[in-house]
């Protein structure tokens, strides 16, 4: 975790967890008396606490205002099926995927990160996040690399930052390569 000229880098160790969806139930209290309750399961609380702890040393003196770019690479532990057996036990299979394409959904993972950073006052509101990239990859060490970049408001005459999809794709590829690099310092 560090403050960089291009933003704040937050490294979080642990198994990424998605923001759970609110649940509802109805309970009967006597004849014809029903009450509905809505709650959010606490399944992501430990993960959101880990994000908050990793980000705490970097919290700005005043919450960030204005538009923000959020770049996140979620790293998931590889299942045993990705490794060879027998004489080559422990070696990664040549057909093992680099990208994590299963559950959890990337939007729910991103929401857990944004909620955690909002609660600790990193920014005023997660609605300020207006651009960014989210990647889900397999890596030896599960966790997430989160980069928060305050960006200048798009002023008349400036190029539109959303018109740079090649840059976002390049950043995602670089993050994926770094995540699988065993010599990468954490």
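Read the figures in this text as sums done on the coordinates, not as results from a lab. Owing to the predicted nature of the structure, the values given are computational and were not obtained by experimental measurement. With ideal geometry, Cβ positions are generated from the backbone for all residues, glycine too; neighbour counts draw on all protein chains shown.
Using the per-residue mean of other Cβ atoms lying within 10 Å as a proxy for protection, in what order, highest first, do the peptides 54-61, 13-20 fall?
My ranking of the peptides, most packed first, is 13-20, 54-61.
Show me 93-105, 124-136 ranked by packing, highest mean number of other Cβ atoms within 10 Å first.
The most tightly packed comes first, giving 124-136, 93-105.
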